[in-house]
Every structure is written in C-alpha cells, then in structure tokens.
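Peer 1: One structure coming up, written as structure tokens, with questions to follow.
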Amino acid sequence: MKRNCTAIILIGMPCVGKSTLGALLADNLSLEFIDTDRSIEKFLDRNLQDVINEDGYMALRKAEEKVLLAETVASKVIATGGSAVYSEKGMNYLKSKGFVIFLDLPQKNLEDRITNFSTRGLARRPDQSFACLFDERRPLYLQHADIIVDCLGLSIDQLLKRLISISSEHFVA
C-alpha cells in the first residue's frame, strides 16, 4: 500500500548500514539526518555501552523509547538503533509519521561485518549470541517494515540509489 510520508525511517540489525546510508540519503534529499543511537547518548550523556554496563540493557531500551517518542521526525531521515523495534509505542509513533524501510541482510553477512559485538552498545541480554539476537529481532523488523530492502550483494551506491527511488515514491516535502 502506497503512503505519502514526511520522514524516512531506517530499521535493521547492527552493521547493516543504517547510519551510513541514512546520512547519504538525507544529504541527497536535502533533509536532516538523525541517528537515534547518538540521540540516546546525548539524552543520557553517556555512551550506549556505559549505560548497558552500569544500568543494564533494559535501561537502554527504556531510554530509547523515550528518545523515539520525543523525536520530531518531519522532513528527516532517521536511522534507528537496532533495538528500536522492541518499543511498540516508539515504532507506532515513527510509522505514523514516516515510511519504515527494513534494511535486510543475512545473519552470516552481518556477523562478518560486526567486529565489536561485546562492546558496541547493543541492547541485548548479557548471554545472548548474535545469532539469537538476529532470530529475535528479524520478525520485529518484518512486522514494522513498510518495505524490505535486500542488501545482499549490493554496494553502498546501489543501495543508496534504491533508497532514493523508494523515497521518491513515498516521501512528501
């Protein structure tokens, strides 16, 4: 179903390219770019890993929901943290304002990219493997996505062109 939206929301696993592609897309569309992980760090005045180490992963998820709900999203490209999809309220808010694009990549490819799994600031149980995290999150990404972009085998330039095309179909200034 085609919807006209005033924001582009990128969701997906860590290391799929949300922040990189989001910044490039925003620049190409002359929009503001928001990386919600950076917004959370600013809100808490700490980096994500410190929050997890000191307060636990659920504290990070609660802060993330507050940041998502407080964000003004109109005329922006937003790269969410990988755990944004755990917040039903946050995702419903974002989806009411924007078009949600799930950047999808197989688990193996993501594992090859992630070099700092234990220190990256991921909102996950301490004993949770990347494979378990992937299996837990992927259905949530699929649930919230307006469209799925298969990133496998595509360069940053090819993905950017795809996102520009999708945005031109759904974005309204």
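No value in this document is a laboratory result; all are computed from the given coordinates. Since the model is a prediction, treat every value here as computed from it, not as a measurement. Here the Cβ is made from the backbone with ideal geometry for all residues, glycine too, and neighbour counts use every protein chain on show.
Peer 1: Let me spell out the model: positive unit charges on the Cβ of Lys and Arg, negative unit charges on the Cβ of Asp and Glu, origin at the Cα centre of the chain. What dipole size does that give, in debye rounded to 20? Intermediate values should be presented prior to the final figure.
Peer 2: Values: 22 positive and 23 negative charges, 73 e Å.
In total the dipole reaches around 360 debye.
Peer 1: Next question, about the same structure. Give me the percent relative contact order of the chain, please, defined on Cα pairs under 8 angstrom at least 6 residues apart.
Peer 2: Details: 273 pairs, mean separation 63.4, N = 173.
For the chain, the relative contact order is 37 percent.
Peer 1: Roughly speaking, what is the centre-to-centre gap between region 22-71 and region 75-95 when only Cα atoms are used, to the nearest Å?
Peer 2: Each part's Cα centre sits 10 Å from the other's.
Peer 1: Could you give the nm distance between label points at residue 53 and residue 28, where each point is 7 Å from its Cα heading toward the beta carbon?
Peer 2: 3.7 nm
Peer 1: Amide H of residue 81: which non-local residues (sequence gap of 5 or more, or other chain) have their own amide H closer than 5 Å, using H built in the peptide plane?
Peer 2: Result for residue 81 returns 36, 37.
Peer 1: Answer with one residue from 100, 82, 40: the one whose Cα lies farthest towards the positive end of the charge dipole of the chain, charges on Cβ with Lys, Arg +1 and Asp, Glu -1.
Peer 2: 100
Peer 1: When the helices in the chain are scored as -39500 (n - 2.57) per DSSP H run of 4 or longer and the sum is shared across all residues, what 222 nm value do you end up with, to the nearest 500 deg cm²/dmol? Walk me through the intermediate numbers first.
Peer 2: Numbers: 8 runs with 90 residues, N = 173.
About -16000 deg cm²/dmol.
Peer 1: Can you classify region 7-166 as rounded, prolate or oblate using the Cα gyration tensor, where a ≥ b ≥ c are the square roots of its eigenvalues, rounded means a/c under 1.5, and otherwise it's prolate if a/b beats b/c and oblate if not?
Peer 2: oblate
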